[in-house]
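The values are calculated or read from the model by the stated rules, or taken from the named source; none is laboratory data. This structure is a prediction, so every number in the text was calculated from the model and none was measured. Because the Cβ atoms are built from the backbone with ideal geometry, glycine has one as well, and the counts that use them run over all protein chains shown. The accessibility values were calculated without ligands, DNA or RNA, using every heavy atom of the protein model including side chains. Shrake-Rupley method; radii C 1.70, N 1.55, O 1.52, S 1.80 Å.
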Amino acid sequence: MTVFPKGFLWGGATAANQFEGAYNEDGKGLSVQDVTPQGGFGPITEEPTEDNLKLKGIDFYHRYKEDIALFAEMGFKVFRLSIAWSRIFPKGDELEPNEAGLAFYDRVFDELEKYGIEPLVTLSHYETPLHLAREYNGWANRDLISFYERYVRTVFERYQHRVKYWLTFNEVNSVLHAPFMSGGIVTPPEELSQQDLYQAVHHELVASALATKIAHEINPEMKVGCMVLAMPAYPMTSHPLDQLAVRQFENQNYLFSDIHVRGKYPNYIKRYFKENNIEIQFADGDEELLLNHTVDFISFSYYMSVAQAHNPEEYTSGKGNIMGGITNPYLEASEWGWQIDPVGLRLVLNDFYDRYQLPLFIVENGLGAKDELVEGPNGPTVEDDYRIDYLQKHLVQVGEAVKDGVEVMGYTTWGCIDLVSASTAEMSKRYGFIYVDRHDDGTGTLARYKKKSFDWYKEVIATNGEKLFEEQ
Ligand code: BGP
């Protein structure tokens, strides 16, 4: 017997800048991604350069029909994609949208509708229009709120009868760690004051509440969620100060969901602000906006956990998704050093649910790995048992959380079709059920091939998760 509720939204997740390509077609403007050929933490180029794999991505822009047909074949109930803001408002500060950009997403939604796949749309997924970054310093500038408002109003009005689920900012907490990629802030991180950084956070939080308000006004059927990067932490020892280090690390992330759900700044951050001479400038109406327009659900990405200690210098720290922590001796890591922890997902689900009692949506989870294309009985394929193992173990823990009483709306694996990595801009860090023939040097035919995990996930969906428990 499956434990997953009826109507559970199984599917996959993507982001425009990592898979659409067509970076300058049909009036699209540049985004911050078009000038970061080595990924979110790499150098910023003046102009787009040929070595930037994101410019062409996996060409979903032209191949969306073929790709959506493959998602439908797997039985997807939901497909997470982002709208590239710079397709709709190429520079970001125009008064009128670009019709060709809007028309593209109409075609994509048509295709999804054809197969009964529900779209889940991220409004801003690390793709701030470059002009807003260079001219305004991105979200450090309050003006971004009104540009974002115009953009979201445009897409809510246009797609209100086609898209029910919306996310305001991808991994909204990441702006603290990747100010350019996440917030379009051009001031180099080492010169960026905490004051400016938290003020930028405030602008995004206000914009998110405003988007929620507008969505509900336009069509109360639309549901808006926040999206946070979840990373549970364990104390390295039972030393009370290690547990305190955990609490402080987690508060940095909870801050974002607390404000999205409870509508106000929590006391722990007020203390932090005071002790660090940070004074957030509130404009008239900000407080009411945050308080009165909280989210309908919480979504998050989950890849890994970390350990924390009060004396981190005594330990080895590992790599992580945007942020990291001390290496946990009990866990294995992916080829990119992200520590794999299925139980951590159950903990995150329980923690969020205990804290907020709102429905939860896991909108990213998966294993980035190097795949080898081999000849199979039905043509080229990848024997990705390691990926199946990762997903299986995580989904079993989602099932455990459901049994714990957590309300889980759905699960979308990250990069359900291979796409360009956000942190490293590599093609070889693959997450998909579908292999895309493109390589780090830009070569490849872009042909799509089903991996072994394709049929596995298809069965998981067809049995509403029952298959997961059979195999244990
Ligand atoms: C998240 C981002 C995604 C995605 C994923 C995997 O942080 O929301 O855009 O790419 O991580 O990370 P990477 O691509 O660096 O492997």
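Quick notes on this structure:
- From its DSSP helices (H runs of at least four residues, each -39,500 (n - 2.57)), the chain gives a residue-normalised ellipticity at 222 nm of -12000 deg cm²/dmol.
- Relative contact order (percent, whole number), the stretch 139-197, Cα cutoff 8 Å, 6+ residue spacing: 39 percent
- Taking a straight line from the alpha carbon of Lys28, these aspartates and glutamates sit under 17 Å away, with near neighbours fewer than eight places off in the same chain left out: Glu20, Glu47, Asp59, Asp93, Glu94, Glu96, Glu99, Asp106, Glu127.
- Accessible surface of Met323 - all protein chains present, 1.4 Å probe, nearest 10 Å²: 10 Å²
- The local environment of Val163, defined by Cβ-Cβ distances under 12 Å, has a net charge of 0 under the rule Lys, Arg +1 and Asp, Glu -1.
- Proximity of backbone amide H atoms, modeled 1.01 Å from N, is registered between Ser317 and Thr327 at under 5 Å, excluding neighbours fewer than 5 places apart on the same chain.
- Cα-based shape type of the chain, given that a ≥ b ≥ c are square roots of the gyration tensor eigenvalues and the cut on a/c is 1.5: rounded
- Candidate lysines for bridging to Lys270, where Cα separation is under 28 Å - those fewer than 8 sequence places away on the same chain excluded: Lys213
- Filter on Lys65/Lys452; Lys91/Lys164; Lys56/Lys223; Lys6/Lys467 - keep pairs with C-alpha separation over 24 Å: Lys91/Lys164; Lys56/Lys223
- Contact order normalised by residue count of the stretch 270-376, Cα under 8 Å, 6+ apart, percent: 30 percent
- For the stretch 223-297, diffusion coefficient by Stokes-Einstein and Kirkwood Rh (Cα), 25 °C, 0.890 mPa s, µm²/s: 174 µm²/s
- Contact order for the chain, expressed relative to its length and based on alpha carbon pairs under 8 Å spaced 6+ residues apart, stands at 18 percent.
- In summary, the lysines within cross-link reach of Lys274, defined as a Cα separation below 23 angstrom excluding same-chain residues under 8 places away, comprise Lys264.
- Volume in Å³ per residue [convex hull over Cα atoms, computed for the stretch 179-246]: 151 Å³
- Heavy-atom accessible area ranking, 1.4 Å probe, most first, across Arg387, Arg63: Arg63, Arg387
- Under 5 Å, built H, 5+ apart or other chain: amide partners of Met409: Leu360, Phe361, Ile362
- Sum of side-chain charges, Thr187 neighbourhood, beta-carbon under 14 Å (Lys, Arg +1; Asp, Glu -1): -3
- Amide H contacts under 5 Å for Met231, placed H, 5+ residues apart: none
- Debye log10 I(q)/I(0) at q = 0.13, 0.14, 0.22 Å⁻¹ for the stretch 328-472, Cα point scatterers: -0.63, -0.72, -1.41
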